[in-house]
Structures are given as C-alpha cells and as structure tokens.
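Since the structure comes first, as structure tokens, the remarks are kept for the end.
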Amino acid sequence: DERRPGVKIDVILAAVFVASLITWLAISMAAGGGEAWDKEAYWSVGLPVIYVLGGLAAFVTRASAWKIALWSGLGQLAGLLLTASGLSLWPLGLMVMAVLSLPVLAAATVIRLLQARLSNG
C-alpha cells in the first residue's frame with residue numbers, strides 16, 4: 001500500500017506537480033518573465049523549495065520516491081513550456097528537468113530510509 005491512512009497518493013502527487021509549477025511560474029513572473037532557470041532565484045530559492053516539498057511529500061504519503069520526483073519534474077516542465085520563448089529546445093529541457101529532479105528522488109529516498117529506521121527501532 002502506497003499511502004498512509006487518510007492521505008491519498010493522487011492528491012499528494014498532484015500537489016507536488018502544482019507546487020513545482022507554481023514555484024517555476026512565481027520565479028519567472030517575479031523576475032519579469034522568461035524561463036525560471038535563467039534567474040538566479042530559481043537556483044538559490046526555487047530548487048531548494050522544490051526539494052524540500054519532495055521530502056515533505058515523501059513524509060506524508062507512501063508514494064514511491066520516483067513518482068514524487070517524476071511529478072515534481074513534470075510540474076517544472078509544464079512551467080518551462082508555459083514560459084519558454086520557443087519550443088525548439090524542449091527535448092533538452094526535458095532532459096535537464098530529469099537531472100534537476102534527481103535531488104527530489106534523493107530527498108524522498110532519505111525520508112523513506114529514516115522512516116524505516118525509526119519504525120524498526
């Protein structure tokens with residue numbers, strides 16, 4: 001079972017997607033538009049927020065760590081597609097989002113390991 005009582009996996013994964021999308025769009029808008037990853041705030045604020053949210057998602061649900069990372073990356077990719085000046089480089093953007101989602105996977109995995117260790121004694 002991939003969920004704790006009362007916490008629906010679909011809701012948490014949707015929240016991860018929306019939070020990642022909103023983080024991307026907020027940084028883009030605050031910096032005058034364009035792609036968020038062209039702004040320093042994306043690297044210093046946006047990504048850390050997204051990574052913490054991924055860990056929080058792992059804490060409140062039993063969703064697979066890879067699913068949390070996937071939906072986080074898809075949220076950012078949606079933001080990229082909404083703010084990009086052109087879509088000629090979207091395949092490259094998809095690959096970069098996959099790499100930038102690896103710390104979400106790591107955070108969710110660490111939370112899983114800590115939960116397992118704490119529940120076993």
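The values are calculated or read from the model by the stated rules, or taken from the named source; none is laboratory data. What you see is a predicted model, and the numbers here were worked out from it, not measured in a lab. Every residue, glycine among them, receives a Cβ derived from its backbone with ideal geometry; neighbour counts consider all protein chains shown. Side chains included, ligands, DNA and RNA excluded: accessible areas come from the protein's heavy atoms. Shrake-Rupley method; radii C 1.70, N 1.55, O 1.52, S 1.80 Å.
Worth pointing out:
- Within the range 35-73, being over 14 Å from residue 103 (Cα atoms) and touching a helix residue (DSSP H, G or I) at 6+ places or on another chain (Cβ under 6 Å) holds for 35, 36, 39, 41, 42, 59, 61, 63.
- Taking the range 24-48 as the range and being of a type in the set (Asp, Glu) and in contact with a Gly (Cβ under 9 Å, 6 or more places away or on another chain) as the test, only 35 passes.
- Being modelled with pLDDT under 95, under 20 Å from residue 115 (Cβ atoms) and in contact with a helix residue (DSSP H, G or I) (Cβ under 7 Å, 6 or more places away or on another chain) is not true of residue 31.
- When the range 4-24 is filtered for residues that are at pLDDT below 95, of a type outside the set (Lys, Arg) and open to solvent by 50 Å² or more (accessible area, probe 1.4 Å), the ones remaining, listed by number, are 5, 6, 10, 11.
- Restricted to the range 25-68, and to residues there that are charged (D, E, K, R) and buried (at least 17 other Cβ atoms within 10 Å of the Cβ), the residue that is farthest from residue 11 (Cα to Cα) is 39.
- Each residue in the range 64-100 was checked for being touching a Leu at 6+ places or on another chain (Cβ under 8 Å) and outside any helix (DSSP H, G or I), and 1 pass.
- Of the residues making up the range 101-121, those that are part of a helix (DSSP H, G or I), open to solvent by 60 Å² or more (accessible area, probe 1.4 Å) and polar (S, T, N, Q) number 1.
- Residues satisfying the stated conditions in the range 4-53, i.e. over 23 Å from residue 111 (Cβ atoms) and charged (D, E, K, R): 35, 38, 39, 40
- Subset of the range 79-94 [aliphatic (A, V, I, L, M), without any contact (Cβ under 8 Å) to a residue 24 or more places away in the chain and either open to solvent by less than 40 Å² (accessible area, probe 1.4 Å) or within 17 Å of residue 17 (Cα to Cα) (or both)]: 81, 94
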